[in-house]
Amino acid sequence: MPQANTPQKTLESWKQIAAYLDRSERTVRRWESSEGLPVHRREHERQDTVFAYRHEIEAWSRSRTKFPGPDAVPISIDEAENISPAKAAANAYLVEHDAITRTMHRYIAGARAGDGDLMRPAFHPTATISGYCQGVEYCGSVEHVFQWINQNGPAPNISPRFARIEIIESIAVVHLEVQRWSGKLAGANARASDVFTLLNCNGEWKITHKLFHWHDQ
C-alpha cells in the first residue's frame, strides 16, 4: 500500500486540488463526480470540507494517461528492476482502485436505470443489507435492494460521489454519497449515504454488504 499520508502530502481544499492538477475548481468537481477523482470529505455541522491525498491524485492521473503505441520503446529489465517500491505500491493500489470503482459503477448504472438485474453483477451472491429509511430499520438479503430498485423505477439524475475508498489487501470499504434520487418510492430529490464492504473474489471485487441511511428530505 502507499506510504503513510502526512499533512505535507494532503491537499486541503478544492482550490488546492485544482491547483495541483492545473485545472479549474469546476473541472475537478466534475472529475470527482463523474470520473472517480479520489476526493475525501470531513463531516461538519454546517458544511463538509474536502481533502485529497497526493499519491491518490497522482495514481488517478496516471490511470487517465493513454499507454504508448506498439512502436514505443519498452523499458529495459534493469529499468524495471529499479522502479521504487513506493511507485510499485502506488501502481498496485491503482489497479485495485480502478477495479473497485468499476464494480461500484455497475451499482450506480442499475440505480439510474431502475434495473435491479443491471446492478446484480456488482454483488456477491450472499450479499446482505442493513440500514435506516425514514426511521425504520431494514436488514436482510440484497434481493430486497434489487426489488426496491425495480419498483422505484429510473432515477436518471442521481449524483454519486465517492467520499472514501479504503483497500486492505483482499477487502475494501467504499463510502458513497448519492444525491438527487427520484422515483416512485424515493420521491423527489432524496439523498442517501451508503457504506459498502467488498471482497476480492478470484480477482473480481464483489459487494458483500450494503449499509445505508436515507436522509430526511
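If the condition is being in contact with a Ser or Thr (Cβ under 9 Å, 6 or more places away or on another chain) and either open to solvent by 10 Å² or more (accessible area, probe 1.4 Å) or not in a helix (DSSP H, G or I) (or both), then the stretch 112-130 contributes PRO121, PHE123, HIS124, THR126, ALA127, THR128, ILE129.
Taking first residues from the stretch 19-46 that are charged (D, E, K, R) and partners that are loosely packed, with under 13 Cβ neighbours inside 10 Å and part of a loop (DSSP other than H, G, I, E, B), the Cβ contacts under 9 Å between residues at least 6 apart in sequence or on separate chains come to GLU35/ARG64; ARG41/ASP48; ARG42/ASP48. Report, by residue number, each residue of the stretch 10-60 that is under 25 Å from HIS105 (Cβ atoms) and among the small types (Gly, Ala, Ser). The answer is ALA18, SER24, SER33, SER34, GLY36, ALA52, ALA59. For the stretch 123-146, a residue qualifies if it is closer than 19 Å to ALA186 by Cβ, polar (S, T, N, Q) and at pLDDT 95 or above, and exactly one does: SER130.
So for the stretch 146-158 (the condition being part of a helix (DSSP H, G or I), in contact with a helix residue (DSSP H, G or I) (Cβ under 6 Å, 6 or more places away or on another chain), open to solvent by 20 Å² or more (accessible area, probe 1.4 Å) and over 29 Å from ARG42 (Cα atoms)), does at least one residue qualify? Yes, there is a match, as at least one residue in the stretch 146-158 is part of a helix (DSSP H, G or I), in contact with a helix residue (DSSP H, G or I) (Cβ under 6 Å, 6 or more places away or on another chain), open to solvent by 20 Å² or more (accessible area, probe 1.4 Å) and over 29 Å from ARG42 (Cα atoms).
Within the group ALA109, ALA99, which residue is within 18 Å of the chain's Cα centre (by Cα), without any contact (Cβ under 8 Å) to a residue 12 or more places away in the chain, open to solvent by less than 60 Å² (accessible area, probe 1.4 Å) and closer than 30 Å to PHE51 by Cβ? One residue alone meets the criteria, ALA109.
Scanning the stretch 159-201 for residues that are part of a strand (DSSP E or B) and more than 19 Å from the chain's Cα centre (by Cα) gives SER182, GLY183, GLY187, ALA188, ASN189, ALA190.
GLU166 meets the conditions (1) open to solvent by 20 Å² or more (accessible area, probe 1.4 Å); (2) in contact with a Gly (Cβ under 8 Å, 6 or more places away or on another chain) in every case but one. The failed one is (2). Quickly run through the stretch 13-22 and pick out the residues that are open to solvent by 80 Å² or more (accessible area, probe 1.4 Å) and either under 21 Å from the mean Cα position of the chain (by Cα) or closer than 16 Å to GLU56 by Cβ (or both). Hits for the stretch 13-22 are GLN16, TYR20. One residue alone among TYR53, TYR107, TYR93 is among the aromatic types (Phe, Trp, Tyr) and at pLDDT 90 or above, and that residue is TYR107. Is at least one residue of the stretch 193-216 open to solvent by less than 30 Å² (accessible area, probe 1.4 Å), among the basic types (Lys, Arg) and under 30 Å from ALA92 (Cβ atoms)? Within the stretch 193-216, one or more residues are open to solvent by less than 30 Å² (accessible area, probe 1.4 Å), among the basic types (Lys, Arg) and under 30 Å from ALA92 (Cβ atoms).
The values are calculated or read from the model by the stated rules, or taken from the named source; none is laboratory data. Small disclaimer: the values here were computed from a predicted structure and weren't measured. Backbone-built Cβ (ideal geometry, glycine too); neighbour counts: all protein chains shown. For accessibility, only protein heavy atoms count, side chains too; no ligands or nucleic acids. Shrake-Rupley method; radii C 1.70, N 1.55, O 1.52, S 1.80 Å.
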